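Asker: Here it is, the structure, as structure tokens.
Please treat every number below as a calculation from the coordinates, not as lab data. All of these numbers come straight from a predicted model, not from anything done at the bench. With ideal geometry, Cβ positions are generated from the backbone for all residues, glycine too; neighbour counts draw on all protein chains shown.
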Amino acid sequence: MKILAIETSCDETAMALVDCKGNPLLKNRSAGWRIKVLENIVSSQIAIHRPFGGVVPNLAKREHIKNLPKIYQSLVASHKSLKFDLIAVTVGPGLEPALWAGIEFAKSLAKETGKPLVGGNHMEGHLFSNWLPHSVIASAAKQSNKNLSKIATTPSWSRNDKIKFPAIALVVSGGHTMVIKMDSLKKWKNLGETRDDAAGEAFDKVARLLGLQYPGGPEVERLAKNGNPKAVNFPRPMLNPPAGGKNYEFSFSGLKTSVLYYLRDHPFVVSRQSLVADVAASFQQAVIDTLVGKTMRAAEEFGAQSVLLSGGVAANKRLREIMKLETEKLGREFFVPDFQYNTDNAVMIAAAAYIAKLRGKKYPMRANSNLSL
Ligand code: KG4
Ligand code: ZN
């Protein structure tokens, strides 16, 4: 089934053409679904929102409305006869005006083409990005540099039988921080999420305190590479619940405030690049310790066979490395999507919409900024 997917929940206008086959929800068919990415287009609005220090919803909407027809036309131009069976569009969670831009475009496309339209859940998208195909470039590059561009551009079917259940998934984005227990592709439970700021939001806010640009995550990571993660002992919020407690909630607002107080009490820091790097590295480490600590505790408690990491913050290399190391110490298998599928994209929406359709889950065709998992 070919799916044309549209994602406009925040500041990326994304469209993808994805082929999906098989039904993993049938008994004894866990190996039975595959995904092939035919097109993955992401138009970032970062440069437009950067002067404002964050995403401006109505500006995002305006840009999506401008970008969507252009992206669709480029797809039509590069596929002699563009054919798809289903249109999927993100209906939430996200910024309401931005979501509406995608929904309205998808509705008119459905009318024009006569194809069915389904709603996609952005968080299911991040969750199911763990099943997206992995690029073969890295392993191929190790063997030979020949034909690299050909390898990179040839779409291939994913093999989706590697992730074993139960699985524990950490989804960390700009708006969410969630630990999810998955028993199957149709049964999962949100064990806990953030009480206040999401991990990505904390990265963005701390970046601003350090005088860095939006989005803050990649900037903090870049600076942290030259800093000492042990320089400042920032709190690890809610890492250790009271004895016997099984708390999988997060709270990053206090950590951000600790950074604020530290900078207020040490005003010379911001003018010394090496000290700023130390603060960035120490903050990043506090976030990572908290995320990894809770995820590992969940993996142990629920006997997870697989540990999954996804969402925009999963682009953080140190988080990926430490999570992998700790998962393997526990003897479980670690999975993380390719970098291109961590931050917002429409391929993950196609995958989520495909599974939702097989599950018989239907989302109303209207923007829902608080849609839950
Ligand atoms: O998933 P995403 O693209 O959008 C949402 O659904 O929110 O996540 C964006 C978030 C931003 O807060 C951004 O700062 C953070 O992901 N992020 C990172 C990194 N790259 C993006 N955080 C830490 N390290 C990174 N390398
Ligand atoms: Zn996202």
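Asker: Which of the peptides 98-109, 158-169, 48-59 is most tightly packed, and how do the rest follow, going by the mean number of other Cβ atoms within 10 Å of each residue?
Answerer: Working: 98-109: 21.9, 158-169: 18.6, 48-59: 14.8.
Highest-to-lowest ranking by the protection proxy: 98-109, 158-169, 48-59.
Asker: How large is the dipole of the chain about the Cα centre if only Lys and Arg carry +1 and Asp and Glu carry -1, each at its Cβ, rounded to the nearest 20 debye? Display every interim value, and only then the final one.
Answerer: Values: 50 positive and 32 negative charges, 223 e Å.
The dipole magnitude comes to about 1080 debye.
Asker: Using a 7 Å offset from the Cα along the Cα-to-Cβ direction at both Phe165 and Asp85, what is the distance between the two label points in nm, to one decimal?
Answerer: Distance between the two pseudo-spin positions: 2.2 nm.
Asker: Identify the trypsin sites (Lys or Arg not before Pro) of the stretch 193-268 meeting these criteria: DSSP loop state and at most 14 other C-beta atoms within 10 Å of the C-beta. If you can, show how the numbers build up before the last one.
Answerer: On the way: sites: Arg195, Lys205, Arg208, Arg222, Lys225, Lys230, Lys246, Lys256, Arg264; in loops: Arg195, Lys225, Lys230, Lys246.
Loop-located and lightly packed - Arg195, Lys225, Lys230, Lys246.
Asker: May I ask you to list the lysines whose Cα is less than 17 Å away from that of Lys66, ignoring any residue fewer than eight positions away on the same chain?
Answerer: Result set, ordered by chain and number: Lys107.
Asker: Hand me the chymotrypsin sites (Phe, Trp or Tyr not before Pro) from the stretch 229-296 located in a DSSP loop with no more than 16 other Cβ atoms within 10 Å, in residue order please.
Answerer: Answer in residue order: Phe268.
Asker: Can you list residues whose amide H is under 5 Å from Tyr363's amide H, if they're 5+ apart or on another chain and H is modeled 1.01 Å from N?
Answerer: Result for Tyr363 returns Gly119.
Asker: Give me the Kirkwood hydrodynamic radius of the stretch 1-129 in Å, from all C-alpha pairs, to one decimal place? Don't skip to the answer; put the middle values down first.
Answerer: Working: mean 1/r = 0.0648 Å⁻¹.
Averaging 1/r across every pair of different Cα atoms and inverting gives 15.4 Å.
Asker: If you don't mind, another one. Quick one: grab the alpha carbon gyration tensor of the stretch 239-341, order the square roots of its eigenvalues as a ≥ b ≥ c, and give me rounded if a/c is under 1.5, else prolate or oblate depending on whether a/b is larger than b/c.
Answerer: Since a/c reaches 1.5 but b/c is at least a/b, the shape of the stretch 239-341 is classed as oblate.
Asker: Need one word for the chain: rounded, prolate or oblate. Basis is the Cα gyration tensor (sqrt eigenvalues a ≥ b ≥ c); a/c below 1.5 gives rounded, then a/b vs b/c decides.
Answerer: Numbers: a/c = 1.65, a/b = 1.35, b/c = 1.22.
Prolate, since a/c reaches 1.5 and a/b exceeds b/c.
Asker: So if we plug the beta-carbon distance of Lys362 and Gln273 into 1/(1 + (r/R0)^6) with R0 = 45 Å, what FRET efficiency do we get, rounded to 0.05? Mind showing how you got there, number by number?
Answerer: Values: r = 53 Å, r/R0 = 1.17.
The value I calculate is 0.30.
Asker: Based solely on its DSSP helices, what 222 nm [θ] is calculated for the chain when runs of n ≥ 4 H residues each add -39,500 (n - 2.57) and the sum is averaged over all residues, nearest 500 deg cm²/dmol?
Answerer: Values: 12 runs with 152 residues, N = 373.
Computed ellipticity for the chain at 222 nm equals -13000 deg cm²/dmol.
Asker: On to the next question. Contour minus end-to-end for Asn370 and Asn228, with contour as 0.36 nm per residue of separation and end-to-end as the Cα-Cα distance? Could the numbers behind the result be given before it?
Answerer: Details: separation 142, 0.36 × 142 = 51.12 nm, distance 3.77 nm.
Taking Asn370 through Asn228 to full extension adds about 47.4 nm, to one decimal.
Asker: Could you work out how much longer the chain between Gln213 and Asn58 gets when fully extended? Use 0.36 nm per residue separation minus the Cα distance between them, nm to one decimal. Mind showing how you got there, number by number?
Answerer: Working: separation 155, 0.36 × 155 = 55.80 nm, distance 2.05 nm.
Fully extending the segment from Gln213 to Asn58 adds 53.8 nm.
Asker: Could you tell me which of the pairs Lys187/Lys362; Lys230/Lys317; Lys36/Lys162; Lys187/Lys317; Lys205/Lys324 are separated by over 23 angstrom between their Cα atoms in the structure shown? Walk me through the intermediate numbers first.
Answerer: Working: Lys187/Lys362 16 Å; Lys230/Lys317 18 Å; Lys36/Lys162 16 Å; Lys187/Lys317 30 Å; Lys205/Lys324 27 Å.
Among Lys187/Lys362; Lys230/Lys317; Lys36/Lys162; Lys187/Lys317; Lys205/Lys324, the Cα-Cα distance tops 23 Å for Lys187/Lys317; Lys205/Lys324.
Asker: DSSP loop trypsin sites (Lys or Arg not before Pro) in the stretch 1-102 with at most 15 other Cβ atoms within 10 Å of their Cβ, which ones? Provide the component values of the computation, followed by the final result.
Answerer: On the way: sites: Lys2, Lys21, Lys27, Arg29, Arg34, Lys36, Lys61, Arg62, Lys66, Lys70, Lys80, Lys83; in loops: Lys27, Arg29, Lys80, Lys83.
Passing both the DSSP loop test and the Cβ count: Lys27, Arg29, Lys80, Lys83.
Asker: Can you tell which of Pro97, Ala346, Tyr214 lies farthest toward the positive end of the dipole of the chain, using +1 and -1 charges on the Cβ of basic and acidic side chains (Lys, Arg; Asp, Glu)?
Answerer: Ala346
Asker: Let me make sure I get this right: for the stretch 266-319, a, b and c are the square roots of the gyration tensor eigenvalues over alpha carbons, sorted descending. Under 1.5 in a/c it's rounded, otherwise prolate if a/b > b/c, else oblate. Which is it? Mind dumping the intermediate values first?
Answerer: Values: a/c = 5.08, a/b = 2.71, b/c = 1.88.
Cα axes put the stretch 266-319 in the prolate bin.
Asker: Provide the per-residue ³J(HN,Hα) series for the stretch 299-309, in order, calculated from phi with Karplus coefficients 6.51, -1.76, 1.60 and θ = phi - 60°, each as a whole number of Hz, with x at glycine and proline positions.
Answerer: Calculated HN-Hα couplings, in order: 4, 6, 4, 9, x, 5, 8, 10, 10, 10, 10 Hz.
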